[in-house]
Amino acid sequence: SAVISQKPSRDICQRGTSLTIQCQVDSQVTMMFWYRQQPGQSLTLIATANQGSEATYESGFVIDKFPISRPNLTFSTLTVSNMSPEDSSIYLCSVPVGKYGYTFGSGTRLTVV
Amino acid sequence: AQRVTQPEKLLSVFKGAPVELKCNYSYSGSPELFWYVQYSRQRLQLLLRHISRESIKGFTADLNKGETSFHLKKPFAQEEDSAMYYCALSSGSARQLTFGSGTQLTVLP
């Protein structure tokens, strides 16, 4: 199955700044998903990143706040822009594996102060 | 809209006791259902999926379409089963996962 390298693993950022999270997959994948896990909450899908087209955002998430790049089939970035303490979460990327499975990155624990 | 409900946020059982983690779903089509597990300080990983009808680490889960449930069961819990468990649903070609809120299982010695 695919292996995802996600970085940074954690960061502490000042409010108003931006952080870019990277995910590198060891194989080519068509779809890549970005999730957010707020403290004590479940995973919520932010957007689906497709190579060669704009990301598709879920309700409540907008491109200006969470711009996504997908320059090729093995790489994607998610930027958390103009951060506030409410953005403190774990951010994860995920890719489909095989016909039914999924694999996840190790997550980025973001704290905004 | 699809939804996954895990009614128990916390569940504690003694070692050797049976355990059942509940999951109910709401989806109009034919769902693909999964259980994911996250052990302390590890990444989220697939435990099992309904489509393969497999048993992993002694856990099983049966899809009950009449009750729209996909409960996770193990007859004899082990301390190493202590983890956060998420039920998830995938719909159609979009391949997105909708997660339940998770159940933190603690197996006591």
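The values are calculated or read from the model by the stated rules, or taken from the named source; none is laboratory data. A quick note: this is a predicted structure, and the numbers were derived from the prediction, not measured. In this analysis, Cβ positions are derived from the backbone assuming ideal geometry, glycine residues included, and neighbour counts consider all displayed protein chains.
Summary of values
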| read-out | value |
| --- | --- |
| Search result, residues across the stretch B:1-51 that are hydroxyl-bearing (Ser, Thr, Tyr) and within 20 Å of residue B:75 (Cβ to Cβ) | B:12 |
| Residue within the stretch B:91-107 that is among the aliphatic types (A, V, I, L, M) and closer than 16 Å to residue B:17 by Cβ present | yes |
| Residues of the stretch B:56-109 classified as of a type in the set (A, V, I, L, M), touching a residue at least 12 places away in the same chain (Cβ under 8 Å) and within 25 Å of residue A:98 (Cβ to Cβ), total | 8 |
| Given (1) of a type in the set (Ser, Thr, Tyr); (2) modelled with pLDDT of 95 or more; (3) out of contact with any strand residue (DSSP E or B) (no Cβ under 7 Å at 6 or more places or on another chain), index of the condition residue B:55 fails | (2) |
| Enumeration of residues in the stretch B:60-109 that are among the charged types (D, E, K, R) and more than 10 Å from chain A (Cβ to nearest Cβ) | B:62, B:65, B:67, B:73, B:74, B:79, B:80, B:81 |
| Residue among B:22, B:15 that alone is in contact with a His (Cβ under 6 Å, 6 or more places away or on another chain) and at pLDDT 95 or above | B:22 |
| Residue within the stretch B:39-62 that is more than 30 Å from residue A:6 (Cα to Cα) and among the charged types (D, E, K, R) present | yes |
| Positions within the stretch A:45-69 being closer than 10 Å to residue A:34 by Cβ and more than 14 Å from chain B (Cβ to nearest Cβ), in sequence order | A:66, A:68 |
| Residue check, residue B:44 within 21 Å of residue A:39 (Cα to Cα), surrounded by 15 or more Cβ atoms within 10 Å (Cβ to Cβ) and not basic (Lys, Arg) | yes |
| Total residues in the stretch B:1-25, condition more than 12 Å from every other protein chain (Cβ to nearest Cβ) and part of a strand (DSSP E or B) | 9 |
| Checking residue B:28 against (1) within 13 Å of another protein chain (Cβ to nearest Cβ); (2) at pLDDT below 90, the condition it does not meet | (1) |
| The stretch B:2-55, residues that are within 14 Å of the chain's Cα centre (by Cα) and free of Cβ contacts under 8 Å to residues at least 40 places away in the same chain | B:7, B:45, B:46, B:47, B:48, B:49, B:50, B:51, B:53, B:54, B:55 |
| Residue in the stretch A:72-92 that is under 10 Å from the mean Cα position of the chain (by Cα), crowded, with 17+ Cβ neighbours inside 10 Å, within 14 Å of chain B (Cβ to nearest Cβ) and closer than 26 Å to residue B:54 by Cβ present | yes |
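Yes/no per residue for (1) away from chain B (no Cβ under 11 Å); (2) basic (Lys, Arg); (3) within 26 Å of residue B:84 (Cβ to Cβ):
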residue: A:13; (1), (2), (3): yes, no, yes
residue: A:28; (1), (2), (3): yes, no, no
residue: A:31; (1), (2), (3): no, no, yes
residue: A:37; (1), (2), (3): no, no, yes
residue: A:41; (1), (2), (3): no, no, yes
